[in-house]
1. Can you tell me which condition GLY217 does not meet? The list is (1) more than 13 Å from the ligand (Cβ to nearest atom); (2) surrounded by fewer than 21 Cβ atoms within 10 Å (Cβ to Cβ), and all the others hold.
2. What pairs come up if the first residue lies in segment 108-123 and is part of a helix (DSSP H, G or I), the second is open to solvent by less than 20 Å² (accessible area, probe 1.4 Å) and among the β-branched types (Val, Ile, Thr), and their beta carbons are under 7 Å apart, counting only those six or more places apart or on different chains?
3. Does LEU120 fit the bill of being at pLDDT 95 or above and under 22 Å from THR21 (Cβ atoms)?
4. Does segment 172-191 contain any residue that is among the aromatic types (Phe, Trp, Tyr), within 16 Å of the ligand (Cβ to nearest atom) and either within 21 Å of LEU61 (Cα to Cα) or open to solvent by 20 Å² or more (accessible area, probe 1.4 Å) (or both)?
5. As an exercise: evaluate GLU223 against (1) in contact with a helix residue (DSSP H, G or I) (Cβ under 8 Å, 6 or more places away or on another chain); (2) near the ligand (Cβ under 10 Å from one of its atoms) and give the number of the one condition it does not meet.
6. Just to be sure I understand, how many residues within segment 192-212 are within 15 Å of GLY60 (Cβ to Cβ) and free of Cβ contacts under 8 Å to residues at least 24 places away in the same chain?
Amino acid sequence: MTAPAADSALVLFSGGQDSATCLAWALDRFAQVETLGFDYGQRHAVELACRAALRKGMAGLNPAWATRLGEDHTLDLPTLGSLSQTALTRDVEIAMGAEGLPNTFVPGRNLLFLTFAAALAYRRGIRHLVTGVCETDYSGYPDCRDDTIKALQVALNLGMERRFVLHTPLMWIDKAATWQLAQDLGGNALVSLIREESHSCYLGLRDTRHDWGYGCGRCPACELRAKGYARYAAGC
Ligand code: ZN
């Protein structure tokens, strides 16, 4: 196996709308792009099954992307599931907690994800890490904040003696603009691929097809996705 090029990237790729858009963003910029997914016992583990279809679909959209798309990695993090008593990993109603955070918040999730991603990137000789965290149009998760990611970049570089660059292409855009970014990167074909094959629903439901894709239509992730798609579609 040849070593990845210096301008290679590792995309944290869950199979949701945001990370799918980030994968296209990375394929548009980097010579070699690898993907990483985590299995932590999430209720919406169906999103992990969407990853292969999205990767295959993106490679089929653009010959250059097909050349750039590299290995896929999956890491099991059952410890995260056993630590977290949240609505993402337990069969409980999604609601707001006393501290103002929804009970879908898995404490430290993105910190752990990025730390494991950096460890993998270190071993793979990859400098650029890409994650779909967003401060603009999200549920107030503190580990999605720009300051958190910037601080973590410093910590990872100090702790691993590397010059990783953490990219957050969605940090300051809302869900409608995320659909528009997909349109800009890959046209209607990419929007269609993400709509049909990506998964956002917290409950893991894919039995109902809406104009924005599959999901229960009622959980916070579905509501956010539906509203964003409606605004995006209205602007076209
Ligand atoms: Zn849902």
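1. (1)
2. Between residues of segment 108-123 that are part of a helix (DSSP H, G or I) and residues that are open to solvent by less than 20 Å² (accessible area, probe 1.4 Å) and among the β-branched types (Val, Ile, Thr), the close pairs are ASN110/VAL133; LEU114/THR131.
3. Yes; evaluated as a whole, the condition is true for this residue.
4. Scanning segment 172-191 turns up no residue that is among the aromatic types (Phe, Trp, Tyr), within 16 Å of the ligand (Cβ to nearest atom) and either within 21 Å of LEU61 (Cα to Cα) or open to solvent by 20 Å² or more (accessible area, probe 1.4 Å) (or both).
5. Condition not satisfied by GLU223: (1).
6. Summing the residues that are within 15 Å of GLY60 (Cβ to Cβ) and free of Cβ contacts under 8 Å to residues at least 24 places away in the same chain in segment 192-212 gives 2.
The values are calculated or read from the model by the stated rules, or taken from the named source; none is laboratory data. Given the structure is predicted, the values throughout are model-derived calculations rather than measurements. FYI the Cβ positions are ideal-geometry reconstructions off the backbone, even for glycines, and counts take in every protein chain you see. Side chains are part of the model used for accessible areas, which takes the heavy atoms of the whole protein and leaves out ligands, DNA and RNA. Shrake-Rupley method; radii C 1.70, N 1.55, O 1.52, S 1.80 Å.
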